[in-house]
1. Would you please name the residue that is nearest to Gly87 (Cα to Cα), looking only at residues in region 138-177 that are at pLDDT 95 or above and of a type in the set (Phe, Trp, Tyr)?
2. So, in region 49-66, exactly how many residues are within 15 Å of the chain's Cα centre (by Cα), closer than 28 Å to Asp138 by Cα and not acidic (Asp, Glu)?
3. Check Asn163 against each of (1) touching a Pro at 6+ places or on another chain (Cβ under 8 Å); (2) free of Cβ contacts under 8 Å to residues at least 60 places away in the same chain; (3) closer than 30 Å to Glu19 by Cβ and name the one condition it does not meet.
4. State whether one or more residues within region 124-133 are out of contact with any Phe, Trp or Tyr (no Cβ under 9 Å at 6 or more places or on another chain) and either without any contact (Cβ under 8 Å) to a residue 12 or more places away in the chain or surrounded by 19 or more Cβ atoms within 10 Å (Cβ to Cβ) (or both).
5. Which numbered condition trips up Val60, out of (1) surrounded by 23 or more Cβ atoms within 10 Å (Cβ to Cβ); (2) in a strand (DSSP E or B)?
6. Among the residues of region 52-84, write down those that are touching an Asp or Glu at 6+ places or on another chain (Cβ under 7 Å) and β-branched (Val, Ile, Thr).
7. Anything in region 67-118 that is among the small types (Gly, Ala, Ser), within 17 Å of the chain's Cα centre (by Cα) and not in a helix (DSSP H, G or I)? List them, or say none.
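The values are calculated or read from the model by the stated rules, or taken from the named source; none is laboratory data. Quick caveat: nothing in here was measured; it's all calculated off a predicted structure. Using ideal geometry, Cβ is built from the backbone for each residue, glycine included, and neighbour counts are taken over all protein chains shown.
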Amino acid sequence: MKKLFLCSSFQDVAKFLPEFIPNDLEGKTVTFIPTAALHEKVNFFVKSGKKALEKMGLTVDELEVTTATPSEIIEKLQKNDFIYVSGGNTFFLLQELRRVGADKQIVEQIEAGKLYIGESAGSLILAPNIEYVKQMDDCKEAQELTSFDALNAVGFYPLPHQNSFPFQKVVEKIVANYNEKIPLKTITNAQAILVDGSDVKIVG
């Protein structure tokens, strides 16, 4: 059964995680993938996300997919209890996950019921396709990306950062352009989308 915790800003919604996974956090290890933020000038959220996880008693095991070996990627994704994919550039993230085969590994683990936490870009890549966020992220950061088809782990299209600086206008434009074309699920920085099997709800 799928267990997904999708958000815009993890530090702002971390308090909802223990309610979603009761009695199941202390002492567990999370594979932490910061890849999306590799070329971002603003990347404070990577440290904030790590700190929020550690505060809950989790051990953070970082996995930078651009430099990890294929065996290291498989081992960490399979062995650790949870998966966390940080924010940054969604197109670069998809390119790199696909390049090393981590996209398929992540989907496999999600299908097996492993908790997946996605922050911003980490949420977006679970959509069927990420072309809808071209106005939010620069797809030129991913020169080798040949298709916008994403991990397709959910049937909807997460849209983070509603009413949140500096993304207010971009989110409004995406909603105006796509609201009638695809099933968007828009969230603020203070909200999270919780997927528990077939049950999908927004908290916060």
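1. Of everything passing the filter in region 138-177, Tyr157 is nearest to Gly87 (Cα to Cα).
2. Total meeting the criteria: 4.
3. Condition (1) is where Asn163 drops out.
4. yes
5. The failed condition is (1).
6. If the condition is that a residue be touching an Asp or Glu at 6+ places or on another chain (Cβ under 7 Å) and β-branched (Val, Ile, Thr), then Val60, Val65, Thr66 are the ones that fit.
7. Ser86, Gly87, Gly88, Gly101, Gly113, Gly118
Residue by residue, here is whether (1) surrounded by fewer than 20 Cβ atoms within 10 Å (Cβ to Cβ); (2) touching a helix residue (DSSP H, G or I) at 6+ places or on another chain (Cβ under 6 Å); (3) not in a loop (DSSP other than H, G, I, E, B) holds:
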{"residue": "Ser147", "(1), (2), (3)": "yes, no, no"}
{"residue": "Pro158", "(1), (2), (3)": "no, yes, yes"}
{"residue": "Glu172", "(1), (2), (3)": "yes, no, yes"}
{"residue": "Val175", "(1), (2), (3)": "yes, no, yes"}
{"residue": "Ala190", "(1), (2), (3)": "yes, yes, no"}
